[in-house]
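**Student:** Questions regarding the structure given below will be posed in turn.
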Amino acid sequence: MKGRKLFSFVLLSLMVIIIWLPIWMMITGSFMGLTELTERVGAVLGYGEGYASWSLLPDYPTLKPYVELLLDSPGFFPMFWNSCFQVIPGVLGQLLIALPAAWSFARFRFRGKHALFLLYIVLMIMPFQVTMVSSYLVLDRLRLMNSHFALILPMIFSTFPVFIMEKSFQGIPLALIEAAKIDGAGELKIFLNIGIPMGTAGIISASVLGFLEGWNAVEQPITFLRDKALWPLSLYLPSIAIEKLGVAMVASVITMMPALLFFLFGQRYIEDGIVASGIKE
Amino acid sequence: MGKPLEYMINLLTKEHQPEKSSLQALAKRLLIGFFVLMLLLTVLSRAADSVTVAKVRVSRMKSSVLNYELSGDGTIEAETEEYIKLYEGARIQSIEGKPGQSVKEGDLLFTYDLQELEAIAEDLRNEYTILQLNYKIGRLSKETLESANNEEAAEIALRRAEFDLALAKKDLDAAKNKINENISDRLETAKENYTIAKEAYETALEDREYAINKGKLELTKAEEPVEKYNKARQELEQALREYRQAVQSSSQKLPDPVEEDMLSSIDAAALDLNIRDGDFYKSFVMIDDSYRSFLNTLFTGSVSSYAEASSELDALSKAKVSIYKQYYGEKEYEKHAKEIQKAKNALERAKEDYLLTFLATIETGAVLTSAQKAACMRTYQDLYDSLNELTEKDQKLNMALSTYGYAIQNKSEAEIEASYQALFTLLYDEEKQKEVKTAQELLTEKQKDLAKLTSDWDRTVEKAERELYKAREEYDLAEEENNQLLNKTYDYSEETRSAESQLEAARRSAEDAADALEQARANDGKIQAANQTKEEIDQLNLEIRELELKEKEEALSRMEELIDAQGKVFAPVSGILLRLELSAGGKVTGTEKVSLSKEDYGFHFKVREKEVKYLAIGDEVIITPQNSRKGITANIDSIGMVDSQGMSEVSAALPQGEYGEGSIASYTIYKHSKQYHQTIPLQAIRMDANQVNYVLVVRESNTSLGNVLIAYRVNVNVLEKDFSTAAVESSMGSRDEIIISSNKNIEEGDRVRIYEE
């Protein structure tokens, strides 16, 4: 028994190391100076010959890239706040729109429910490239192009949170709701007092996933935002040159932080949500 | 060792404990802290940016002229000096003038020592005398170089060479004429030969055709009998095949043929002459019947004519008739059939004669005597013998046919074949075969003869054809040579080599002689020229001596005048005594100078090499002497070359007036260039490491901070510049704002802020 556990632990550790290695490289790279970075990966970017190399810890750690980014790159912060202005309202809007929709799918019966839900699923699995042109035309007609709403509105009406939350609401025992009905609670009260508290796992996991999706989005900003003043943080990274490699590493770390922290905050709920979706009553 | 390891394993494999909510709370706190930190850093970075962003001053491009102002100091100098000749070796008795003194014409400047002067005068006189004598000598001595008379001899040599050349040409022409004649003769001969060869060839062709045709005719003749025999054989074989088919298809059963000797049967039935007439008659009739049956078997007895047979007979009979015809030949067969019929009729008549005789005896009641019986029998037998003889061949043929027919119906294939061969051999006997063979041999012989004939004649014709081609080639060659002659393109070089070489030699000799003549003329010319040159040199020397004489005379005259003036030297013109490098009591060594300046002054100043290009002769210069406030306008009259120190001397003529020689004055020159469309402040121009001029232009750019001002590089080509402005060529527009100064070092791509003072 212990042997099996040891084996499982070793195997999982190996996989974790493989997954964490690029992140570790990014973190250690953010503490390397330009000279050290050029020595290690300059060949890949056209400076010098040979192969790229890396080490577990930097030979000459320095905070210069952090200073350069956080104090000498004022252009970084507007992009950061743009990300916040676009993602947070989007997530909140999702909660506002998707919650009632998910509750309806989970709890009510109405004509065309399955067809509508199927449509939601189809829309959910469709990649951005497929709907890009139609979205562009609609936003242009609504005169929302080149504005924050070009990203916020499509995000609010995303179907993915509906799917997640619907699963979560389905897990609420029917008896509880019936009991509430017997006690005289109306549908709104049931939704607000029972549905939302009981479905917190699904709600938070949908929010976290929605936040991650919005925070890392690249295609929508590039397509719908012309002015660089409106660009989010995800577009700061695409331009990586050897001279700015250290800054790019730091920017990657900073970009990753909110997503990581938010995920850690909602991790338990996401796990509960995944577990709940697997259990059948 | 085991326990720590076991501990480690337990640690790694212990059950997962549910996470406490501290991670969630920590994450929440970190998240909030992160956003707060980012807010703080946003403010800080903006503040730092506002400090670090460069502040620049800008200017726009405009159309203007470039102004150049040159100024500096220079000196006023006298432009022309009058020098006073000093006598080397003379002593200065006294000096009355001073340098810088203004003198008038005729003023005493200094005085020579008279004794020294007289000594110098004496020397001058001697020198003058020497010069005079040298001049006389020069006039008297003139000699010439060698005379020129080589031309005549060269002319004679040339005439001889030309005569030889003419002779050689004549020889060459004669040789060519001979060649022309030979070519014409060759052409005639070749033409004749060609005609003969052509006729021979045509004759050979005709004869060949005739001989071959004759041979073919003989061959055709020889082929006819062979074809005839072959045809006959084929017809015979066809008749036999038809016979076989007729036998096979006939319903009549053919008997086994047995050879009968009728004549023996007749002999065997020799009549007993002594028997009674009735018995004799019976015996006679019996013999006749036997004979008739035999004749019937012969079949030919019943054939009277071919036409009759063919209309009445069946297939078998027709086949037999056909075979008989093949055997005899058609006409022969008809003749034979008629003869047989005749013989049969005679035999019939003999029999009828006997019967008549017998009947007559019966009527009369007489009896035939033995002699009468014998006579009847003999007559009948004779006729029978002749008929038998006549049908001997028919018998054989009939037997063979019967045997064959019986075999076809009753026997095996081998026996059929054997009987067929026997029949065929009978029909196609040896004689006939011999004839065929002979005819075939003759045909083969004729074929060989024809082949040989054809081959022989082909050879003859080929030979004639070769002769013809050869004659044709010779004729063509001769004709071509003739055409070349007529077109004057014939190459005589091969045949006239020796004549041409002689001509060439004669030509070279003539050319050499001509060259020699030229050379002789040239030499004579040179000699004459040299003589002339010598004369001229002599003349020039004479003139030089004359001039020296004159000069000396003048010097002597001046000296005598000076002596007459007691050695006093007066100012020849009015002006300033510039130099008086003499000392009283001292001797003149030759290096001293005494000079007066005429009353015209010039302003001289130096400018740097880079400033010279702005100046031109005629430019106005405002000159302000040191002690004056008023400026004098002058024009530049000369600009010197740049010296080793990079300076160039410029001078301007001053107007008439009183100036201090050597005094310092300041100058100012103002110049304008042509109108330039693009001029920018000089301080805006920058230069990179590659010596390329550029400026930085402020343009708005869309960044994450919104629209900000960024410095962009624009390359410029500097055409001209003065001390503050530069005329350039660039791609800038008139609205572009060019950075002319900044509070810190900036480069392309830097953010900037524009500020106005």
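The values are calculated or read from the model by the stated rules, or taken from the named source; none is laboratory data. All values derive from a computational prediction rather than experimental measurement. Neighbour counts run over all protein chains shown; Cβ positions are idealised from the backbone, glycine included. When the accessible area is computed, the model is the full protein with side chains, heavy atoms only, and any ligands, DNA or RNA have been set aside. Shrake-Rupley method; radii C 1.70, N 1.55, O 1.52, S 1.80 Å.
**Student:** Starting from the residue with the highest accessible area, list B:Tyr712, B:Tyr324, B:Tyr694 in decreasing order, probe 1.4 Å.
**Tutor:** Output order, biggest surface exposure first: B:Tyr712, B:Tyr694, B:Tyr324.
**Student:** Once amide H atoms are placed 1.01 Å from N in the peptide plane, what residues at a sequence separation of 5 or more from B:Gln101, or on another chain, have their amide H within under 5 Å of its amide H?
**Tutor:** B:Leu577
**Student:** Could I ask something else about it? Where does chain B land at 222 nm, in deg cm²/dmol rounded to the nearest 500, when only DSSP H runs of n ≥ 4 count, each adding -39500 (n - 2.57), divided by all residues?
**Tutor:** So the helix-based figure for chain B works out to -21000 deg cm²/dmol.
**Student:** Summing +1 for each Lys or Arg and -1 for each Asp or Glu, what net charge is found among the other residues whose Cβ lies under 10 Å from the Cβ of B:Lys446?
**Tutor:** Computed value for this residue: -2.
**Student:** Can you tell me the alpha carbon radius of gyration of the range A:76-278 divided by the globular rule-of-thumb value 2.2 N^0.38 Å?
**Tutor:** Compactness ratio reported: 1.16.
**Student:** Next question. Indicate the gyration tensor shape class of the range A:158-273 (rounded, prolate or oblate), computed on the Cα atoms with a ≥ b ≥ c the square roots of the eigenvalues: a/c under 1.5 is rounded; otherwise a/b larger than b/c is prolate and the rest oblate.
**Tutor:** prolate
**Student:** Carbon and sulfur together cover what percent of the accessible area of the range B:46-184 at a 1.4 Å probe radius?
**Tutor:** Using a 1.4 Å probe with all protein chains present, the range B:46-184 comes out at 47 percent carbon and sulfur.
**Student:** Follow-up question, since we're still on this one. Using θ = phi - 60° and the Karplus curve 6.51 cos²θ - 1.76 cosθ + 1.60, what whole-Hz ³J(HN,Hα) does each residue of the range B:129-140 get, with Gly and Pro shown as x?
**Tutor:** These are the phi-based 3J(HN,Hα) values: 5, 4, 5, 4, 5, 4, 5, 4, 4, x, 5, 7 Hz.
**Student:** Got a sec to turn the phi values of the range B:54-70 into Karplus ³J(HN,Hα) couplings, 6.51 cos²θ - 1.76 cosθ + 1.60 with θ = phi - 60°, whole Hz, x for Gly and Pro?
**Tutor:** These are the phi-based 3J(HN,Hα) values: 6, 9, 10, 10, 10, 8, 10, 6, 8, 9, 7, 9, 9, 10, 10, 10, 10 Hz.
**Student:** A follow-up question, please. Using θ = phi - 60° and the Karplus relation 6.51 cos²θ - 1.76 cosθ + 1.60, list the HN-Hα couplings for the range B:343-357 in order, rounded to whole Hz, with x at every Gly or Pro.
**Tutor:** Result, rounded to whole Hz: 5, 5, 4, 4, 5, 4, 5, 4, 5, 5, 4, 4, 4, 5, 4.
**Student:** Same structure, new question: So which lysines can B:Lys568 reach, going by Cα to Cα under 27 Å and dropping same-chain residues fewer than 8 places off?
**Tutor:** Here the lysines satisfying the reach criterion relative to B:Lys568 are B:Lys85, B:Lys98, B:Lys104, B:Lys550, B:Lys552, B:Lys587, B:Lys593, B:Lys598.
**Student:** Tally Lys and Arg at +1 and Asp and Glu at -1 over the other residues with C-beta under 15 Å from the C-beta of B:Leu44: what net charge comes out?
**Tutor:** Combined, the nearby Lys, Arg, Asp and Glu give -2.
**Student:** Then there's this: To the nearest 10 square angstrom, what accessible area does B:Arg753 show with a 1.4 Å probe?
**Tutor:** Answer for B:Arg753: close to 110 Å² accessible.
**Student:** Follow-up question, since we're still on this one. Within chain A, which complete DSSP H helices have Cα atoms spanning at least 20 Å along the helix axis and a mean Kyte-Doolittle hydropathy of -1.0 or higher?
**Tutor:** Those that clear 20 Å and a mean of -1.0 are A:2-29, A:76-107, A:200-215, A:245-278.
**Student:** B:Lys191: which lysines have alpha carbons under 17 Å from its alpha carbon, excluding same-chain residues fewer than 8 sequence positions away?
**Tutor:** Within the straight-line cut-off, B:Lys191 pairs with B:Lys470.
**Student:** Do any of B:Lys170/B:Lys198; B:Lys198/B:Lys221; B:Lys62/B:Lys744 go past 31 Å between their Cα atoms, and which?
**Tutor:** B:Lys170/B:Lys198; B:Lys198/B:Lys221
**Student:** Give me the accessible area of B:His677, 1.4 Å probe, in Å² rounded to the nearest 10.
**Tutor:** Surface open to solvent at B:His677 totals about 150 Å².
**Student:** Per residue of A:82-89, count partner chain C-beta atoms within 10 Å of its C-beta, then hand back the mean as an integer.
**Tutor:** Mean inter-chain Cβ contacts per residue within 10 Å come to 0.
**Student:** As a quick test, which of the pairs B:Lys228/B:Lys448; A:Lys167/A:Lys189; B:Lys231/B:Lys452; B:Lys253/B:Lys342; B:Lys338/B:Lys437 have an alpha carbon distance above 27 angstrom in this structure?
**Tutor:** The answer is B:Lys231/B:Lys452; B:Lys253/B:Lys342; B:Lys338/B:Lys437.
**Student:** Hey, got the average number of other protein chain Cβ atoms within 10 angstrom for residues in A:9-18?
**Tutor:** Average neighbour count from other chains, rounded to a whole number: 1.
**Student:** How do B:Thr364, B:Thr403 stack up against each other in accessible area, from largest to smallest, with a 1.4 angstrom probe?
**Tutor:** B:Thr364, B:Thr403
**Student:** Could you sort B:Glu474, B:Glu611 by their accessible area in this structure, using a 1.4 Å probe and putting the largest first?
**Tutor:** The ordering from most to least exposed comes out as B:Glu474, B:Glu611.
**Student:** Related question: Using only the alpha carbons of chain B, determine the length spanned along each of the three principal axes and report them from longest to shortest in whole angstroms.
**Tutor:** Sorted largest first, the three principal extents are 235, 140, 69 Å.
**Student:** A further question on this structure: What does the C-alpha gyration tensor say about the overall shape of the range B:524-669? Classify as rounded when a/c is under 1.5, otherwise prolate if a/b is larger than b/c, or oblate.
**Tutor:** Because a/c hits 1.5 or more and a/b fails to exceed b/c, the range B:524-669 counts as oblate.
**Student:** At 7 Å along the Cα-to-beta-carbon direction for both B:Asp476 and B:Val692, put a label point, then send me their distance in nm to one decimal.
**Tutor:** 7.5 nm
**Student:** Same structure, new question: Show me the ranking of peptides A:98-108, B:416-426, A:19-29 by mean Cβ neighbours inside 10 Å, starting with the highest.
**Tutor:** A:98-108, B:416-426, A:19-29
**Student:** Taking the C-alpha atoms of the range B:42-177, how large are the radius of gyration and the largest Cα-Cα span, Dmax, in Å?
**Tutor:** 46.2, 122
**Student:** What accessible surface, in Å², does a 1.4 Å probe find on B:Thr438, ignoring ligands, DNA and RNA and rounding to the nearest 10?
**Tutor:** 90 Å²
**Student:** Give me a single rounded figure for A:62-70: the average over its residues of other chain Cβ atoms within 10 Å of their Cβ.
**Tutor:** Mean shielding count: 1.
**Student:** Less than 18 Å apart at the alpha-carbon level, and either on another chain or at least 8 residues along: which lysines does that give for B:Lys671?
**Tutor:** Answer for B:Lys671, where 18 Å is the Cα cut-off: B:Lys606, B:Lys610, B:Lys613, B:Lys721, listed by chain and number.
**Student:** How large is the Kirkwood hydrodynamic radius of the protein assembly as shown, counting all unique pairs of alpha carbons, in Å?
**Tutor:** 53.1 Å
**Student:** Hey, what's the Kirkwood Rh for the range B:160-249 if you take every pair of different alpha carbons, in angstrom?
**Tutor:** Here the Kirkwood hydrodynamic radius works out to 20.9 Å.
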